1. Given that compact globular proteins tend to follow 2.2 N^0.38 Å, what is the ratio of the alpha-carbon Rg of the range 78-164 to that value?
2. Along the charge dipole of the chain, pointing to its positive end and built from +1/-1 on Cβ of Lys, Arg, Asp and Glu, which listed residue (200, 160, 59) has its Cα farthest out?
3. Calculate I(q)/I(0) for the range 130-223 by the Debye formula, one identical point scatterer on each C-alpha and no solvent, and give its log10 at q = 0.14, 0.15, 0.24 Å⁻¹ to two decimals.
4. Using unit Cβ charges (K, R positive; D, E negative) and no other charged atoms, how large, in debye to the nearest 20, is the dipole of the range 71-124 about its Cα centre?
5. Under the Karplus relation 6.51 cos²θ - 1.76 cosθ + 1.60, θ = phi - 60°, what is the ordered set of whole-Hz ³J(HN,Hα) values for the range 47-62, x standing for Gly and Pro?
6. Given H placed on each backbone N at 1.01 Å, which residues far from residue 142 in sequence or on other chains put an amide H within less than 5 Å of it?
7. Which percent of Cα-Cα pairs in the chain sits in each 10 Å bin, short to long?
8. What is the Cα radius of gyration of the range 168-223 over 2.2 N^0.38 Å, N being its residue count?
Amino acid sequence: MSLSGPRKGGPREGGPREGGPREGIASEEIAGDPEFRHLSTIAGIAVDLRYATANNFVGRDLYSPYDCAWLHRDAASALERAVAWLARARPGYTALVLDALRPQRVQQQLWDALDGTGLRLYLADPARGSIHSYGMALDITLLDEQGRELDMGTGFDDMTELSHPALEEGFLRTGALSDVQVANRQLLRDTMFQAGFVGIKTEWWHFDCGDRELVRKTFRRVL
Ligand SMILES: [Zn+2]
């Protein structure tokens, strides 16, 4: 896949700098910025941004009044490739986006909410930056022909080891995860990986678009 990264000679501020990350961009400014695409421009997906509802582990809407249904255009293109592949592999199936762009200020709120819980391993330290905050990560699951979420063995943001892709084989042996649940996760991975996304060891639902360190070095963080 191609990561366009910083554009040289563009008209905008915040271009590449020698030896350092690019400047951030405020959440309020992305609607007018050509580097970002709204999820409504991506055909064939369903969207339920859980942090824009009370249906999340913090129990309240963290996004209002900001519209966070955005992705960097590179991740948006990759998501289009993913859903096109899925439509061929499993006609009638669609992807359900659970989280996309997550501004730095919200990442900080989530980090604070997990203070003292022992669960911070499930979040990127805001100081370092979540790939979500660059619009280059997705939390995502799959829907069947009836629009039902596939059984992945745990729900989104279930912060237990049962959610860890790296531990699936063991859970399959003990029966804690079924063949169908692991196959459903594998279908999600196949869908995302062939489009250029990479997974992480601890969350079946999370995917980064391309190389994380390259993103941190060359993309603008949404503040
Ligand atoms: Zn995520």
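None of the figures in this text is laboratory data; all of them are computed from the coordinates on show. All values derive from a computational prediction rather than experimental measurement. Backbone-built Cβ (ideal geometry, glycine too); neighbour counts: all protein chains shown.
1. With N residues counted in the range 78-164, Rg over 2.2 N^0.38 Å equals 1.26.
2. Checking the options against the dipole of the chain, the answer is 200.
3. -0.54, -0.61, -1.22
4. Details: 7 positive and 5 negative charges, 50 e Å.
That gives the range 71-124 a dipole magnitude of about 240 debye.
5. For the range 47-62, the Karplus curve yields 10, 9, 6, 5, 7, 9, 10, 8, 7, 8, 5, 7, x, 8, 5, 9 Hz.
6. Long-range HN contacts for residue 142: 96, 150.
7. Taking every Cα pair in the chain, the percentages come to 8, 34, 37, 18, 4, 0.
8. Numbers: Rg = 14.5 Å, N = 56, 2.2 N^0.38 = 10.2 Å.
Compactness ratio reported: 1.43.
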